[in-house]
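Shown next, in structure tokens, is the structure this report addresses.
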Amino acid sequence: MPDYYIRTPDHEESRGPFDPPKLLTLAEAGQISENTLYYDETKEEWVPIALNEALKNQVFPQRERLTLKVGQAVEAETTKDGAPTPEEKSGLNVQEMLAAAEGDTEETRHLKKQQKSFEKAASLASSGIGLMMLFSAVFLLMPHFTVVNAAIQDEAFSTVINYPFILIGLFDFLMAVFLFLAVTEVYPLLRGRAMLTLGFGVYVGWAMGDPILLAASAAAGIGIFLATIARSYPTMLVAMALGIGGNGYLAYLALIGRFTGFFDGVHFDFIPTE
């Protein structure tokens, strides 16, 4: 039986771990509600208990029983002589009570919208960032095509260690493969990589006197970073536009030879070449 860490929506401090029977005890004592957040390890996100139907049924079983009495509750809204019931006099509405009991409140609807937005963003993240990293790999590897081709023909693969940007390009290609396989554990590495893209790309644009290139490099780095932390669909769309647009433009420039010779001076002699 899984254990859960919990916290309230307005506090960062968590408690736990608790198994469902312990959560049931806390619910009966009024210490937690359906809006209490639990940590979902599969999504790496804090989620309201109300949005996990199985867990909600375990922790708040009385909520399910209330739904069986809908017909009785509606029938009891008025007395035999048509006089208003005590609930009507006090301003209570049975349907609203049942909706609250089932977690269908304005707050939970807002949380559901947030969760849906997060799920749509997550569905775009891996493949979108993977495409960014693939474009970035093309941007770095194409200007070194002659070097890579010579290393392959001479079977001197170790010589590529002399070219740091080839290594970064190979790293980007490996990250793209991982992301297309939905390996999201690489996100922390990508955030550092995004900062390198931002810093070096801006330098390249400045060195080449090309403000459009500078802007594309900045967009490429910001897009990668933003996509790894986005928790809403609109934010993810902005990240996709920046990251894919910026990295795609850099890849296009590399393919048409814009960076030919630019990286020639950036190499070392760690491995002697014949």
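Couple of notes before you dig in:
- 3J(HN,Hα) from dihedral phi, the stretch 13-28, Karplus parametrisation 6.51/-1.76/1.60, rounded to Hz, x for glycine, proline: 6, 9, 10, x, x, 10, 8, x, x, 5, 5, 4, 4, 5, 5, 5
- Convex hull projection area averaged over all views, the stretch 147-187, Cα basis, nm²: 3.4 nm²
- Prolate/oblate/rounded call for the stretch 1-47, Cα gyration tensor, a/c under 1.5 rounded: oblate
- Mean separation of Cα contacts under 8 Å (6+ apart) over length of the stretch 117-255, as relative contact order %: 36 percent
- Between the stretch 224-246 and the stretch 30-45, the alpha-carbon center distance in angstrom: 26 Å
- For the stretch 171-221, alpha-carbon Rg relative to the globular expectation (2.2 N^0.38 Å, N residues): 1.31
- Rule-of-thumb Rg ratio for the stretch 159-249 [Cα; 2.2 N^0.38 Å; N residues]: 1.11
- Remark: the stretch 51-57, residue by residue, has Karplus-estimated 3J(HN,Hα) of 8, 10, 4, 5, 5, 4, 5 Hz, where x stands for each Gly or Pro and the curve is 6.51 cos²θ - 1.76 cosθ + 1.60 at θ = phi - 60°.
- Proximity of backbone amide H atoms, modeled 1.01 Å from N, is registered between Tyr4 and Phe18, Asp19 at under 5 Å, excluding neighbours fewer than 5 places apart on the same chain.
None of the figures in this text is laboratory data; all of them are computed from the coordinates on show. This one's a predicted model, so the numbers in the text were calculated from it and none came from an experiment.
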